[in-house]
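Read-outs: derived from the displayed coordinates by stated rules, not from any lab. The structure displayed is predicted, hence computed values, not measured ones. Ideal geometry is used to build each Cβ from the backbone, glycine not excepted, and the neighbour counts take in all protein chains shown.
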């Protein structure tokens, strides 16, 4: 629990949407890149100088950018993260399509409300908007070092084939194989996934397809940030597709959160709300994970990070 005064904590919640929108707005205006080499006056940035000054002044009051003199701004350690992989794309999404989707959050229904505002389901909408799909793929590819490190620390046999199911542009599997070059990898994702084939090399290949239809045979399967996108019935379909393709010795490695009981700060409990409004997905507790995985024919070995399950 926070030790901040109750009034200050409530004000953070009340202004939270403004913080999200302000950050997404300055990212879309190209401000992080413009400040990469040092301080600049707002008059030299792209956009209305007065509006940019007010946006950046508000962000700087919470440590994102710094005003060095009136209407002149520079990066802080926090804002400089926006120059690294995935952060600006997340800011764009949270300040744009995610912002619009969460505006319709309604306690009276458990149905995903994305289509009501955008005219199509989230995944169909992404397919129809290539620039947003590219931003989404780049955001999902960001910060893959930690999950790759955790996967690399597991025991592996020489020559094992690892299938990253819904693996996007291959960033995670590429990082894993860089650490464990004895492995070979297959990235399965939709054909419209934005990727650079030149980065794949001879130990990693891309296979176009849907994880609802079929997945390649492999020795290990990775699901990183996939199952939380879907309600239980669809998540079970993904698991059953893998179960049909997996040989008896295969294992499934899931990079997702396990919601803990209690009231300690937990980002997964907030991400759970985003999953609800986008596509009816959810973050899951230990009990929910066990029910989902065992119901699909897998044996839970560990609910750590990653979650490790094997075929029965």
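Quick notes on this one:
- q = 0.12, 0.16, 0.27 Å⁻¹: log10 I(q)/I(0) that the Debye formula gives for the range 62-140, counting C-alpha atoms only: -0.49, -0.73, -1.23
- Order of 219, 104 - criterion: other Cβ atoms within 10 Å of each residue's Cβ, fewest first: 104, 219
- Going from the residue with the fewest nearby Cβ atoms within 10 Å to the one with the most, 239, 204, 303, 23 rank 303, 204, 239, 23.
- Taking packing as the residue-averaged number of other Cβ atoms within 10 angstrom, the listed peptides 207-214, 186-193, 11-18 run from highest to lowest as 186-193, 207-214, 11-18.
- When Rg and Dmax are taken over the Cα atoms of the range 246-291, they come to 13.2, 41 Å.
- Angle in degrees between helix 130-141 and the longest Cα principal axis of the chain, rounded to the nearest 10: 70
- Rg and Dmax [Cα atoms of the range 1-141; Å; Rg one decimal, Dmax integer]: 17.0, 49
- When the Gaussian network model of the chain links Cα atoms closer than 10 Å, the mean-square fluctuations of 48, 145, 234 top out at 48.
- The range 105-156: Cα Rg divided by the 2.2 N^0.38 Å rule of thumb: 1.70
- Ellipsoid fit via the Cα gyration tensor, the range 150-239: semi-axes of 21, 16, 11 Å, each the root of five times an eigenvalue, largest first.
- Pairwise centroid distance, computed over Cα atoms, of the range 199-265 with the range 74-146, Å: 21
- With contributions of -39500 (n - 2.57) from each DSSP H run of at least four residues, the per-residue ellipticity at 222 nm computed over the chain stands at -12000 deg cm²/dmol.
- Note: relative contact order over the chain, using C-alpha pairs below 8 Å and six or more positions apart, is 13 percent.
- Computed from Cα atoms, the angle from the helix 267-279 axis to the main principal axis of the chain rounds to 80 degrees.
- Across the alpha-carbon atoms of the range 143-311, the computed radius of gyration and Dmax are 15.3, 47 angstrom.
- Spread of Cα-to-Cα distances over 20 Å intervals beginning at zero, given as percent, for the chain: 29, 55, 16, 0
- Alpha-carbon Debye profile of the range 216-297, log10 I(q)/I(0) at 0.14, 0.21, 0.22 Å⁻¹: -0.49, -0.98, -1.06
- Using C-alpha pairs under 8 Å with a sequence gap of at least 6, the mean separation divided by the residue count of the range 77-139 gives a relative contact order of 42 percent.
- Cα gyration tensor of the range 6-83 - equivalent ellipsoid semi-axes, whole Å, descending: 22, 13, 12
- Estimated D of the range 132-179 in µm² per second, where Rh is the Kirkwood radius over Cα pairs and Stokes-Einstein applies at 20 °C, 1.002 mPa s: 186
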